[in-house]
Amino acid sequence: MQGKVVIVTGASSGIGRATARLFAENGATVAAVGRNEKELASLKKECSKFAGSIRPLLADVTELSQLDRIVSETTDNHERIDVLVNAAGIIKNGSIENTSLDDWDKMLNINVRSVFYLMQKCVPYLEQTKGNIVNVSSVTGTRAFPNVLSYCVSKAAVDQLTRCAALELAPKRVRVNAVNPGVVVT
């Protein structure tokens with residue numbers, strides 16, 4: 001990964017943080033996107049001994065202007081994007097009977113809408129580098145679980161978005177994949 005430029009959302013914690021760390025360890029320059037400034041600073045310090053580097057980007061993925069800024073700052077500073085990892089996500093409990101419309105919207109905005117928009121904004125740069133998109137989905141995208149309705153729906157949407165984008169971008173030599181982990185203690 002030496003010399004590659006990678007954007008990782010959700011880099012403040014969990015899978016996103018571990019992913020950003022691994023890319024930096026392997027020599028990539030990582031635009032580490034998250035909402036927790038303290039944790040992003042901690043990640044940068046933790047990775048300072050690696051061949052790659054962490055560039056913290058404080059951002060809320062539900063704000064389109066902040067997604068635009070992530071892409072523009074990354075390309076202004078590094079002139080390329082090689083990999084996009086969409087790891088930002090939230091989970092809330094709720095069934096068909098008690099999930100509020102506000103919780104539904106929040107879940108889909110963070111887990112699906114931001115993924116779509118960031119993919120769309122990065123595609124022109126990924127075409128130039130023959131890059132990769134990795135969307136962090138969930139086992140709940142492939143099978144139903146009780147009391148996490150909107151989460152299951154959002155991750156199923158991420159899986160279908162990934163499949164459609166993979167088909168559309170394959171002729172341009174941009175690979176698009178999803179990973180579907182089970183429960184991860186973060």
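Inspection of region 94-108 identifies at least one residue that is at positive phi and out of contact with any His (no Cβ under 7 Å at 6 or more places or on another chain). Note on region 87-116: among residues that are open to solvent by 40 Å² or more (accessible area, probe 1.4 Å) and touching a helix residue (DSSP H, G or I) at 6+ places or on another chain (Cβ under 8 Å), the one that is farthest from Val134 (Cα to Cα) is Ile96. On the given criteria, is Arg163 open to solvent by 90 Å² or more (accessible area, probe 1.4 Å), under 28 Å from Lys4 (Cβ atoms) and not hydroxyl-bearing (Ser, Thr, Tyr)? Yes; evaluated as a whole, the condition is true for this residue. In region 68-86, of all residues being open to solvent by 20 Å² or more (accessible area, probe 1.4 Å) and in a loop (DSSP other than H, G, I, E, B), the one that is nearest to Thr162 (Cα to Cα) corresponds to Arg80.
Test Gln120 against the stated conditions and say whether it is free of Cβ contacts under 8 Å to residues at least 40 places away in the same chain, closer than 20 Å to Thr62 by Cβ and open to solvent by 60 Å² or more (accessible area, probe 1.4 Å). Yes; evaluated as a whole, the condition is true for this residue.
I need every pair where a residue in region 167-179 that is more than 11 Å from Ile133 (Cβ to Cβ) has its Cβ under 9 Å from the Cβ of a residue that is open to solvent by 90 Å² or more (accessible area, probe 1.4 Å), sequence separation at least 6 or different chains. Correct list of pairs: Lys172/Lys130; Arg173/Lys130.
Among the residues making up region 169-184, those that are aliphatic (A, V, I, L, M) and exposed (fewer than 13 other Cβ atoms within 10 Å of the Cβ) are Ala170, Val183, Val184.
Residues that are outside any helix (DSSP H, G or I), surrounded by fewer than 21 Cβ atoms within 10 Å (Cβ to Cβ), touching a Gly at 6+ places or on another chain (Cβ under 7 Å) and without any contact (Cβ under 8 Å) to a residue 60 or more places away in the chain: does region 19-33 have at least one? Yes, some residue in region 19-33 is outside any helix (DSSP H, G or I), surrounded by fewer than 21 Cβ atoms within 10 Å (Cβ to Cβ), touching a Gly at 6+ places or on another chain (Cβ under 7 Å) and without any contact (Cβ under 8 Å) to a residue 60 or more places away in the chain.
Just give me the residues in region 139-160 being open to solvent by less than 20 Å² (accessible area, probe 1.4 Å), out of contact with any Leu (no Cβ under 9 Å at 6 or more places or on another chain), closer than 14 Å to Ile110 by Cα and in contact (Cβ under 8 Å) with a residue 24 or more places away in the chain, in sequence order. Passing the criteria: Lys155, Val158.
The values are calculated or read from the model by the stated rules, or taken from the named source; none is laboratory data. Here the structure is a predicted model, which means the values were calculated and not measured. Cβ coordinates were reconstructed from backbone atoms using ideal geometry, including for glycine residues, and neighbour counts include every protein chain displayed. Just the protein is used for accessible areas: all its heavy atoms, side chains included, with ligands, DNA and RNA removed. Shrake-Rupley method; radii C 1.70, N 1.55, O 1.52, S 1.80 Å.
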